[in-house]
Amino acid sequence: MKVAFLGLGAIGAPMARHLAPLYTLSVWNRTADRARQFAADHKASAATSPADAARGASIVITCLPTSREVESLLDGADGMLGALESGATLIDCTSGDPATSRRIAARLSERGVGFVDAPVSGGVSGATKGILTVMCGGDEATMQRARPILEAFGEKIVHCGPVGAGHAVKAVNQAMLGVHIWALSEGLVALEKAGVSTETALDVINASSGRSNTSMNLFPERVMTRAFPRTFKLALMDKDVRIAADFAREHGVTSPLLQLVSELLREARRELGEEADHVETVQVLERWAGVAVGRKA
Ligand code: NDP
């Protein structure tokens with residue numbers, strides 16, 4: 001069975017690696033060298049265009065920054081729309097937005113092509129280990145076709161509801177992540193300023209009710225060490241939290257915290273730039289306060 005994977009970025013590449021031994025895999029990437037390198041390193045072929053990748057594929061997977069890029073790959077002479085065969089399924093692993101996904105699904109449906117939004121959580125390390133959480137939106141029959149493919153890189157695969165439901169759940173999850181990073185950063189910076197070391201503060205918090213994945217894993221591994229590896233862009237988290245804030249507003253839900261965190265992350269993105277990692281957000285709070293948290297040299 002031919003499977004196509006489009007978007008070999010930080011998380012797409014390790015996800016695609018799990019598919020290479022299982023299927024006839026065709027990969028496409030905007031920067032073609034990345035696809036050629038992937039094909040040379042794994043059992044896969046490099047497609048010359050999105051249409052080339054999609055032609056003859058039963059399953060096409062996209063993993064791009066936003067739903068806008070996914071939609072843009074449908075159209076034009078090199079686009080997927082004209083190449084996808086009736087009965088094929090597009091699985092979109094992008095952390096996208098529900099409304100664009102519903103539009104994409106409707107366009108594909110006119111051609112007998114199914115759609116599942118299937119954003120993932122677990123980071124690059126979870127993708128490398130093949131233990132991602134995958135949250136899905138789509139109809140039951142399409143979901144059944146998608147599930148065996150998702151099992152190649154996913155450990156927990158949850159059908160959340162109709163098209164867009166996966167993206168909505170992912171956006172809310174990301175908003176929680178954004179809240180945790182921002183709140184922990186403010187708290188640790190204040191404690192440092194008052195003379196309580198971050199090491200001591202995290203030791204207490206991680207044995208107390210305020211702990212989170214951010215305090216237990218992200219900060220010890222990335223902030224305490226000052227390593228700040230670039231695995232997930234702040235720009236992408238900003239996009240995710242904006243989707244959550246818009247989603248809540250569109251549904252008439254009073255959501256002051258989501259709106260505020262979305263604004264704060266946009267400001268952090270402006271200060272730190274497009275390449276910064278999401279955990280570097282703490283550096284904005286450090287600059288504002290004039291103290292650094294984490295292990296001292
Ligand atoms: P990266 O920025 O590392 O990679 C983005 C990918 O999209 C690259 O393959 C890039 O191609 C491609 N791309 C960018 N713009 C376009 C375009 N206009 N047309 C076609 N292709 C394009 O992002 P990630 O891999 O980190 O993220 C991908 C998705 O997964 C995002 O939605 C993100 O929110 C989500 N995600 C990421 C996680 C992570 O830990 N990194 C965790 C969970 C979800 P090129 O090589 O040419 O730049």
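The values are calculated or read from the model by the stated rules, or taken from the named source; none is laboratory data. The structure presented is a predicted model; accordingly, all values stated were derived computationally and were not measured. Quick reminder, even Gly has a Cβ in these numbers, built from the backbone with ideal geometry, and neighbours come from all protein chains shown. For accessibility, only protein heavy atoms count, side chains too; no ligands or nucleic acids. Shrake-Rupley method; radii C 1.70, N 1.55, O 1.52, S 1.80 Å.
Of all residues being surrounded by fewer than 23 Cβ atoms within 10 Å (Cβ to Cβ), polar (S, T, N, Q) and farther than 21 Å from Ala13 by Cα in region 61-110, which is farthest from the ligand (Cβ to nearest atom)? Just the residue, please.
The residue in question is Ser86.
Counting residues that are hydrophobic (A, V, I, L, M, F, W, C), open to solvent by 10 Å² or more (accessible area, probe 1.4 Å) and in contact (Cβ under 8 Å) with a residue 60 or more places away in the chain, which helices (runs of 4 or more DSSP H) fully inside region 111-230 reach at least 2?
Of the helices (runs of 4 or more DSSP H) lying wholly inside region 111-230, those with at least 2 residues that are hydrophobic (A, V, I, L, M, F, W, C), open to solvent by 10 Å² or more (accessible area, probe 1.4 Å) and in contact (Cβ under 8 Å) with a residue 60 or more places away in the chain span 165-193.
I need a count of the residues in region 93-110 that are hydroxyl-bearing (Ser, Thr, Tyr), part of a loop (DSSP other than H, G, I, E, B) and touching a Gly at 6+ places or on another chain (Cβ under 8 Å).
Adding up the residues that qualify gives 1.
Suppose we filter region 21-61 for residues that are on the phi < 0 side of the Ramachandran plot and in a loop (DSSP other than H, G, I, E, B); how many remain?
14
Can you tell me which of (1) within 14 Å of the ligand (Cβ to nearest atom); (2) outside the structural domain of Leu19 (by TED's automatic domain parsing); (3) under 17 Å from the mean Cα position of the chain (by Cα) is the one Asn217 doesn't meet?
Single failed check for Asn217: (3).
Which count do you get for residues in region 162-211 that are under 19 Å from the mean Cα position of the chain (by Cα) and farther than 18 Å from Leu257 by Cα?
The qualifying residues number 5.
From Arg211, Arg222, Arg242, grab the single residue that is touching a Ser or Thr at 6+ places or on another chain (Cβ under 6 Å) and on the phi < 0 side of the Ramachandran plot.
Arg242
Here are Leu90, Leu64: which of them is modelled with pLDDT of 95 or more, part of a strand (DSSP E or B) and either under 20 Å from Val134 (Cβ atoms) or in the same structural domain as Gly7 (by TED's automatic domain parsing) (or both)?
Leu90
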